[in-house]
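Undergrad: Here it is: the structure, laid out below.
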Amino acid sequence: MKRHVLKRFFCIVLVTCIWACATAPDKKPLKTDEEYYHRAITQFNARNYFDAIPAFEELKEKFPLSPYAIIAELRIGDAHYYKEEYIEAIHSFENFRRLHPNNKSVPYSIYMIGLCYYSQILTLDRDPTYARAAADQFQQLLELYPASPYTGKALFKLSEAKRIMAEHEFFIGQFYVQYKNYTGAINRFNTILKDYPTSIPRDRVIFSIAQANFLSENKQRGVKFLQYLIRKYPESPYAAQAKVLLAAPSPKKEIKKSMQEEAEKQPLKTAKKKFLFF
């Protein structure tokens, strides 16, 4: 009886092993560049970027002259971007552009470099370096490849990057006004009019220049800016404020009062340790 039970047990084990071998996945070693690419892109499409990157790297190493290797370079950059590893992504896309200057995907690589910088843009009271770098890449794309399918997206991102830089300049100008550095403030406001003429409302900037001139005792110049504002932007709310200042016995006093009221509504960040000037 015992012998019969053991015999049945071994039969079950044998059948189980045969079934397992029959249903086990075929793990044949990869041979062609296409097979290596298929493995890597499968991981990429599944958003498994951790495994996709080394899979693409292995493809490049084993088949450096394969057209799949060129695609792999772009997908490595994409994978780093999706992992928010922007430095690594920028390095990958820059290498692609350097190694394949005539490739049809160069516009895409430029756009993605700009997008990597754009994704790192900080708040307005901080270093705007990333906004500048992003704007530079998007501008290159517009100039070198105006017909690129990425040009429209780049144009929008460029506009946003410039707006951020302009707002940063305006923020610093306000900071200077608050600390009575009126010359520095006027210089910042003038920079906006010159470098970012359409990024933020010009009437807002002109009104701020007029205020800074009044506060710096340059009343005559302040009056000229207010008169220009009223003439050029008659429907602007700043034009209405300009008329009030021109009619006031003491425009400087009126400006200080207005600034105090505004500060109470929305205090300006002034801690120097939180501020970077560029």
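Undergrad: From the phi angles alone, apply the Karplus equation (6.51, -1.76, 1.60; θ = phi - 60°) to the stretch 105-119 and give each ³J(HN,Hα) in whole Hz, x where the residue is Gly or Pro.
TA: After applying 6.51 cos²θ - 1.76 cosθ + 1.60, I find 8, 4, x, 5, 5, 5, 4, 5, 4, x, 5, 4, 5, 4, 5 Hz.
Undergrad: Another question about this same structure. If we count other beta carbons within 10 Å of each Cβ, what is the order of Asp136, Asp78, fewest first?
TA: Asp136, Asp78
Undergrad: With θ set to phi - 60°, apply the Karplus curve 6.51 cos²θ - 1.76 cosθ + 1.60 along the stretch 211-224 and write out the HN-Hα couplings as whole Hz, x wherever there is a Gly or Pro.
TA: 3J(HN,Hα) across the stretch 211-224, in whole Hz: 4, 4, 5, 4, 5, 8, 6, 9, 4, 4, 5, x, 4, 4.
Undergrad: How would you rank Met259, Met112, going from fewest to most other Cβ atoms within 10 Å of each one's own Cβ?
TA: Sorted ascending by nearby Cβ count, the order is Met259, Met112.
Undergrad: How high is the FRET efficiency from Glu143 to Lys194, r the C-beta distance, R0 22 Å, rounded to 0.05?
TA: 0.65
Undergrad: Over the stretch 155-268, what relative contact order in percent results from Cα pairs under 8 Å that are six or more residues apart?
TA: In percent, rounded to a whole number, it is 19.
Undergrad: If you don't mind, another one. Sorting Val244, Val106 on the 10 Å Cβ count, fewest up front, what's the list?
TA: Ranked by crowding around the Cβ, least crowded first: Val244, Val106.
Undergrad: Out of all Cα-Cα pairs in the stretch 106-212, roughly what percent, to the nearest whole number, are more than 23 Å apart?
TA: 34 percent
Undergrad: Under a crude label model (7 Å from the Cα following the beta-carbon direction), how far is Glu94 from Asp51 in nanometres?
TA: 3.2 nm
Undergrad: A further question follows. With Cβ to Cβ distances under 15 Å as the rule, what net charge do the other residues near Pro54 carry (K, R +1; D, E -1)?
TA: Neighbour charge sum, excluding Pro54 itself: -3.
Undergrad: My understanding is that a pair violates if its Cα-Cα distance is over 20 Å; which of Lys104/Lys157; Lys194/Lys232; Lys232/Lys253; Lys31/Lys62; Lys219/Lys257 do that in this structure?
TA: Lys104/Lys157; Lys232/Lys253
Undergrad: Further, regarding this structure: Compute and list, largest first, the equivalent-ellipsoid semi-axes of the stretch 31-147 from the alpha carbon gyration tensor, each √(5λ) rounded to a whole angstrom.
TA: Over the Cα atoms of the stretch 31-147, the semi-axes work out to 28, 17, 9 Å.
Undergrad: Mind giving me the FRET efficiency for Asp136 and Leu30? R0 is 45 Å, r the Cβ-Cβ distance, nearest 0.05 is fine.
TA: 0.65
Undergrad: Explain nothing, just the number: dipole magnitude of the stretch 106-252 about its Cα centre with +1 on each Lys and Arg Cβ and -1 on each Asp and Glu Cβ, in debye rounded to the nearest 20.
TA: Here the stretch 106-252 has a charge dipole of around 560 debye.
Undergrad: Provide the FRET efficiency to the nearest 0.05 for the Ser159-Asp127 pair, computing r from the beta carbons and using R0 = 22 Å.
TA: 0.60
Undergrad: Follow-up. Each residue of the stretch 193-210 in order: what ³J(HN,Hα) in whole Hz does its phi give by Karplus 6.51 cos²θ - 1.76 cosθ + 1.60, θ = phi - 60°, with x for Gly and Pro?
TA: 4, 7, 8, 10, x, 10, 7, 9, x, 5, 4, 5, 5, 4, 4, 5, 5, 4
Undergrad: Next question, about the same structure. State, as an integer percentage, the relative contact order of the stretch 62-215 based on alpha-carbon contacts under 8 Å between residues 6 or more apart.
TA: Relative contact order comes out at 14 percent.
A short reminder: the numbers here are calculations on the coordinates, not readings from a lab. Note that the coordinates shown come from a computational prediction; the quantities given were computed from them, not determined experimentally. FYI the Cβ positions are ideal-geometry reconstructions off the backbone, even for glycines, and counts take in every protein chain you see.
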